[in-house]
Amino acid sequence: MPQVYEAICDAGALPGTLVVRTSGKFVQANAASKGRLFIVQENYLALKDVDTAWPAGARIIGMDLLDEQIFRGRVPTATSITQDTPLSANAAGKLIPATTGTFVVAFANETYNNTSGSDQLVSIRAGKGYAFA
């Protein structure tokens, strides 16, 4: 069962994006984020779907990226991943293939070529123990 944490997030947060906890609040993760990361869960309490962002200033739910669990992470449109690809966060907290010098936060658990025209959720596993691609 995922370990979940609640905290205020000053900006809107889309399910499947990465956040970090700073001074008791969640803030959007970015390419430089490392250490303990959380993945935003959908707002099931308000019966919202996975493509509806939590509003700015809301108390959101962040799931701890535990090694033994599978999560659904958000991949930007026009991004292709293959199974086992190391992934990093982009400037918007979405997952992209890691490049040299970026912090690996997860690994793709499936192959997906996002030509849908919108961000999509893909199966991922935490990349614990990895520093840089």
### Message
Please count how many residues of segment 74-93 are farther than 15 Å from residue 31 by Cβ and surrounded by fewer than 18 Cβ atoms within 10 Å (Cβ to Cβ).
### Response
6
### Task
Check segment 61-70 and report whether any residue there is modelled with pLDDT under 95, crowded, with 19+ Cβ neighbours inside 10 Å and over 23 Å from residue 5 (Cα atoms).
no
### Task
Can you tell me which residue among 36, 59, 21, 74 is in contact (Cβ under 8 Å) with a residue 60 or more places away in the chain and of a type in the set (Lys, Arg)?
74
### Residue, least open to solvent (accessible area, probe 1.4 Å), within segment 1-60, restricted to residues that are among the charged types (D, E, K, R) and within 21 Å of residue 98 (Cβ to Cβ)
36
### Query
Within segment 115-125, which residues are open to solvent by less than 50 Å² (accessible area, probe 1.4 Å) and assigned to a strand (DSSP E or B)?
121, 122, 123, 124
#### Entry: Residue that is least open to solvent (accessible area, probe 1.4 Å) [pool: residues in segment 94-114 that are part of a loop (DSSP other than H, G, I, E, B) and in contact (Cβ under 8 Å) with a residue 40 or more places away in the chain]
105
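The values are calculated or read from the model by the stated rules, or taken from the named source; none is laboratory data. Fair warning: this is a prediction, and the values are worked out from it, not measured in the lab. Counting neighbours? That spans all protein chains shown, and the Cβs are built from the backbone with ideal geometry, glycine included. Quick note on the areas: whole protein, heavy atoms, side chains included, nothing else; ligands and nucleic acids left out. Shrake-Rupley method; radii C 1.70, N 1.55, O 1.52, S 1.80 Å.
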